[in-house]
Amino acid sequence: MLSAGCSSGEEAYTVRFRAHDLGFGLHQPIRVDGIDVDPVRVNLGCHAIYRSRSLRVMHAAQVERYLEPAGTERFQVRAPF
């Protein structure tokens, strides 16, 4: 899948998390690529570290499943996502 205009990756990771919640990728990995015209923002997305305000639409169970604390008010996407 392709997430165009994804800035720092929140959208691409959200698509991946939602696909996993729906059962996709359980037996065969799925790939979600995020692209943007701003290479600095894309580089930030590669680190997969987000402030808690970026997660405001996620349920607590999703945050626990897909992210791990990475400092004060920051979370990093868990492997293999």
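The values are calculated or read from the model by the stated rules, or taken from the named source; none is laboratory data. Note that the structure is predicted; figures quoted are calculated from it, not measured. Positions of Cβ are generated from backbone atoms using ideal geometry, with glycine treated the same way; all protein chains shown enter the neighbour counts. Areas reflect the complete protein model, heavy atoms only, side chains present, ligands, DNA and RNA absent. Shrake-Rupley method; radii C 1.70, N 1.55, O 1.52, S 1.80 Å.
3J(HN,Hα) along the stretch 28-34, derived from phi through the Karplus expression 6.51 cos²θ - 1.76 cosθ + 1.60 where θ = phi - 60°, amounts to 9, x, 10, 10, 10, 9, x Hz, with x in place of Gly and Pro. Each other residue within a Cβ distance under 14 Å of Gln76 adds +1 if Lys or Arg and -1 if Asp or Glu, for a net charge of 0. Note on Asn43/Leu22: beta-carbon distance plugged into 1/(1 + (r/R0)^6) with R0 of 22 Å gives a FRET efficiency of 0.15.
Determine the calculated [θ] at 222 nm for the chain from helices alone, applying -39500 (n - 2.57) to every DSSP H run no shorter than 4 residues and normalising by the residue count; nearest 500 deg cm²/dmol.
Calculated mean residue ellipticity at 222 nm is -10000 deg cm²/dmol.
Near Leu67, the amide H atoms lying under 5 Å from its own belong to Arg78; only residues 5 or more places off or on other chains count, and H is placed 1.01 Å from N.
In the complete set of protein chains, residue-level accessible area for Ile30 is approximately 50 Å², probe 1.4 angstrom.
Can you give the longest run of the chain that contains no trypsin sites (Lys or Arg not before Pro) sitting in a DSSP loop with at most 14 other Cβ atoms inside 10 Å? Here the longest segment lacking exposed loop sites spans 1-30.
Ordered by solvent-accessible area of protein heavy atoms (1.4 Å probe), largest first, the residues Phe75, Phe17 come out as Phe75, Phe17.
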